[in-house]
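Report on the structure given below.
The values are calculated or read from the model by the stated rules, or taken from the named source; none is laboratory data. Keep in mind that what you see is a predicted model, and the values were worked out from it rather than measured. Note: ideal-geometry Cβ built from the backbone for every residue, glycine included; neighbour counts use all protein chains shown. Just the protein is used for accessible areas: all its heavy atoms, side chains included, with ligands, DNA and RNA removed. Shrake-Rupley method; radii C 1.70, N 1.55, O 1.52, S 1.80 Å.
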Amino acid sequence: TVTIDGKEHKVSYGATYQDLLNLIDTKKEGYTFKGIKDKDGNFISDDYIVKEDITLTSVYEKDKVVVDTNQNNPDNKNDLNNQNNESKLNNPNTGDNVFRNLLLLLISSCGILSIFIIKKLFIKIKR
């Protein structure tokens, strides 16, 4: 009797590693099959032959999840920057330059006003 992952299987002595693989599901979604370990925690090799009743455990390793942050445009290394720029173009912040524009308007008005004042003073001085 071979017990794998808590399930007993009737196999004859002389069964091979490949015979044991046929008893278990080596495909597990999200995991990679790594092999079969004996009760002492040692991996059994490909040339293993069943000679006695034994308890085994199948070993899986969780797959690593790779996140592709550049799915839409793999050739563009600045895709994130382009998305930020496109976002700004599509959603302009209309209040961003209000203070600057008001300050420029005030300075311009003062300049024009000062020209008129100086002009009036020169006219008075000439008379």
Could you please let me know if residue 51 is open to solvent by 60 Å² or more (accessible area, probe 1.4 Å), part of a strand (DSSP E or B) and either closer than 26 Å to residue 64 by Cα or without any contact (Cβ under 8 Å) to a residue 60 or more places away in the chain (or both)?
no
Could you give every pair whose Cβ atoms fall below 7 Å, whose first residue belongs to segment 14-29 and is over 23 Å from residue 63 (Cα atoms) and hydrophobic (A, V, I, L, M, F, W, C), and whose second residue is at pLDDT 90 or above and not in a strand (DSSP E or B), counting only separations of at least 6 or pairs across chains?
15/50
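Can you tell me which residues in segment 40-55 are hydroxyl-bearing (Ser, Thr, Tyr) and closer than 16 Å to residue 5 by Cβ? Talk me through it step by step, then tell me what you get.
Residues of segment 40-55 that are hydroxyl-bearing (Ser, Thr, Tyr), as a first pass: 45, 48, 55.
Selection gives 55 alone.
Look through segment 39-48, keep the residues that are surrounded by 11 or more Cβ atoms within 10 Å (Cβ to Cβ) and assigned to a loop (DSSP other than H, G, I, E, B), and return whichever of them is nearest to the chain's Cα centre (by Cα). If you could, list the steps in order and put the result at the bottom.
Initial filter on segment 39-48 (surrounded by 11 or more Cβ atoms within 10 Å (Cβ to Cβ)): 43-44, 48.
When the remaining residues are screened for being assigned to a loop (DSSP other than H, G, I, E, B), the result is 44, 48.
Values: 44: 36, 48: 41 Å.
Ranking the candidates gives 44 first.
Just a yes or no: is a residue in segment 80-88 at pLDDT below 80 and touching a Ser or Thr at 6+ places or on another chain (Cβ under 8 Å)?
Pass one, segment 80-88, residues at pLDDT below 80: 80-88.
Then keep just the ones that are touching a Ser or Thr at 6+ places or on another chain (Cβ under 8 Å); that gives 80.
Yes: one or more hits.
If I filter segment 1-14 down to residues being surrounded by 12 or more Cβ atoms within 10 Å (Cβ to Cβ) and assigned to a loop (DSSP other than H, G, I, E, B), which single residue comes out as nearest to the chain's Cα centre (by Cα)? Don't jump to the end; show me each part of the working.
Let us first name the residues in segment 1-14 that are surrounded by 12 or more Cβ atoms within 10 Å (Cβ to Cβ), namely 2-5, 9, 11.
Then drop every residue that is not assigned to a loop (DSSP other than H, G, I, E, B), which leaves 5, 11.
Working: 5: 34, 11: 46 Å.
Ranking the qualifying residues of segment 1-14, first place goes to 5.
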Restricting to segment 15-38, give me the number of residues that are outside any loop (DSSP other than H, G, I, E, B), within 15 Å of residue 49 (Cα to Cα) and open to solvent by 100 Å² or more (accessible area, probe 1.4 Å).
1
